[in-house]
Ligand code: ATP
């Protein structure tokens with residue numbers, strides 16, 4: 001999802017309860033939460049906590065949600081930027097934004113810095129220098145690498161970054177002391193879709209015969225974001241028909257609409 005530039009939100013309400021499924025990812029990232037809750041414990045033992053963790057998976061699978069939940073669980077500030085914000089920036093602006101972001105983060109540590117769509121700045125650097133826009137992207141990437149090397153593991157800043165293209169990232173990003181950990185955030189299986197429906201059906205007025213098993217079975221290949229859309233769309237369809245409840249047909253119509261949207265997207269891509 002689109003994160004605002006410096007979307008500093010020190011009162012993150014999101015917790016693991018809001019993130020359905022993704023059990024393995026939650027277990028893995030729990031270590032980061034534990035560290036942020038009690039950095040001293042790790043310092044005393046001389047333990048090394050990762051500075052950077054890469055969340056890898058298709059769009060809409062809950063990477064941003066999970067990163068926010070880490071901040072919410074640990075009750076620490078959440079700073080975020082999106083790699084796409086850096087595209088088409090004036091010379092020097094990207095690098096100075098990165099510098100400012102880390103300066104603020106270090107002041108507010110322990111905290112989370114979240115970089116969405118890191119591939120937009122972190123694509124492998126080209127050997128043949130040519131376009132100035134490319135140079136600017138590389139400046140931004142270099143600044144990010146400098147920042148990550150510049151703070152110690154004990155500074156209490158943990159950088160989480162999301163991408164759906166780990167394969168195109170500059171290998172320098174994955175070096176020890178940078179994003180040396182990866183957590184897979186995949187598309188939900190049937191039982192996970194059931195849980196995601198649970199989260200997004202909360203607060204909706206549903207027809208009595210409607211069940212989440214039926215909905216989960218109707219939505220193979222859907223991401224969490226697609227499921228959230230289905231629930232919202234179904235409510236809109238029911239409202240348009242002035243119904244008192246959202247029923248099966250409203251959901252089927254909503255699913256059709258989302259499938260249509262997904263197909264159109266894939267036509268454009270190919
Ligand atoms: P992108 O790569 O497009 O930025 P993302 O992986 O960061 O996507 P999110 O922005 O976290 O995805 O998800 C978008 C919305 O979809 C969330 O705000 C939430 O409403 C819903 N969603 C996604 N995954 C889940 C999940 N596992 N549990 C509950 N809701 C989810």
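Residues that are assigned to a loop (DSSP other than H, G, I, E, B) and modelled with pLDDT of 95 or more were ranked within segment 208-219; the one that is nearest to the ligand (Cβ to nearest atom) is 219.
Within segment 30-63, being buried (at least 16 other Cβ atoms within 10 Å of the Cβ), at pLDDT below 95 and either farther than 18 Å from residue 182 by Cα or within 13 Å of the ligand (Cβ to nearest atom) (or both) holds for 36, 39, 42.
The set of residues from segment 64-78 being under 16 Å from residue 115 (Cβ atoms) and more than 16 Å from the ligand (Cβ to nearest atom) comprises just one member, 77. Of all residue pairs spaced 6 or more apart or on separate chains, those with beta-carbon atoms under 7 Å, a first member in segment 105-132 that is within 15 Å of residue 151 (Cβ to Cβ) and away from the ligand (no atom under 15 Å from the Cβ) and a second member that is in a loop (DSSP other than H, G, I, E, B) and modelled with pLDDT of 90 or more are 108/77; 110/76; 111/76; 111/77. Among the residues of segment 201-217, the ones that are surrounded by fewer than 16 Cβ atoms within 10 Å (Cβ to Cβ) and within 26 Å of the chain's Cα centre (by Cα) come to 4 in all. Being assigned to a strand (DSSP E or B), touching a residue at least 60 places away in the same chain (Cβ under 8 Å) and either within 12 Å of the ligand (Cβ to nearest atom) or surrounded by 14 or more Cβ atoms within 10 Å (Cβ to Cβ) (or both) is a condition met by at least one residue of segment 183-200.
Taken over segment 221-244, the criterion of being in contact (Cβ under 8 Å) with a residue 24 or more places away in the chain and assigned to a loop (DSSP other than H, G, I, E, B) is satisfied by 221, 222, 223, 244. Evaluate the following for residue 261: is it more than 13 Å from the ligand (Cβ to nearest atom), in contact with a helix residue (DSSP H, G or I) (Cβ under 9 Å, 6 or more places away or on another chain), modelled with pLDDT under 90 and outside any helix (DSSP H, G or I)? No; evaluated as a whole, the condition is false for this residue.
Looking at 156, 221, can you tell me which residue is more than 22 Å from residue 60 (Cβ to Cβ) and under 23 Å from the mean Cα position of the chain (by Cα)?
156
Just to be sure before I move on: is residue 173 outside any strand (DSSP E or B), more than 12 Å from the ligand (Cβ to nearest atom) and either closer than 18 Å to residue 57 by Cβ or modelled with pLDDT of 95 or more (or both) in the structure I sent? In short, yes.
Restricting attention to segment 10-63, the residues that are part of a loop (DSSP other than H, G, I, E, B) and closer than 27 Å to residue 106 by Cβ add up to 13. State whether one or more residues within segment 221-234 are exposed (fewer than 15 other Cβ atoms within 10 Å of the Cβ), out of contact with any strand residue (DSSP E or B) (no Cβ under 8 Å at 6 or more places or on another chain) and under 14 Å from residue 192 (Cβ atoms). So far as segment 221-234 goes, yes, one or more of its residues are exposed (fewer than 15 other Cβ atoms within 10 Å of the Cβ), out of contact with any strand residue (DSSP E or B) (no Cβ under 8 Å at 6 or more places or on another chain) and under 14 Å from residue 192 (Cβ atoms).
Of all the numbered requirements in (1) within 16 Å of the ligand (Cβ to nearest atom); (2) modelled with pLDDT of 90 or more; (3) within 25 Å of residue 146 (Cβ to Cβ), residue 5 misses one, and that requirement is (2).
The values are calculated or read from the model by the stated rules, or taken from the named source; none is laboratory data. Every value quoted in this text rests on a predicted model; they were computed, and no experiment measured them. Positions of Cβ are backbone-derived with ideal geometry, glycine not excepted, and every protein chain shown enters the neighbour counts.
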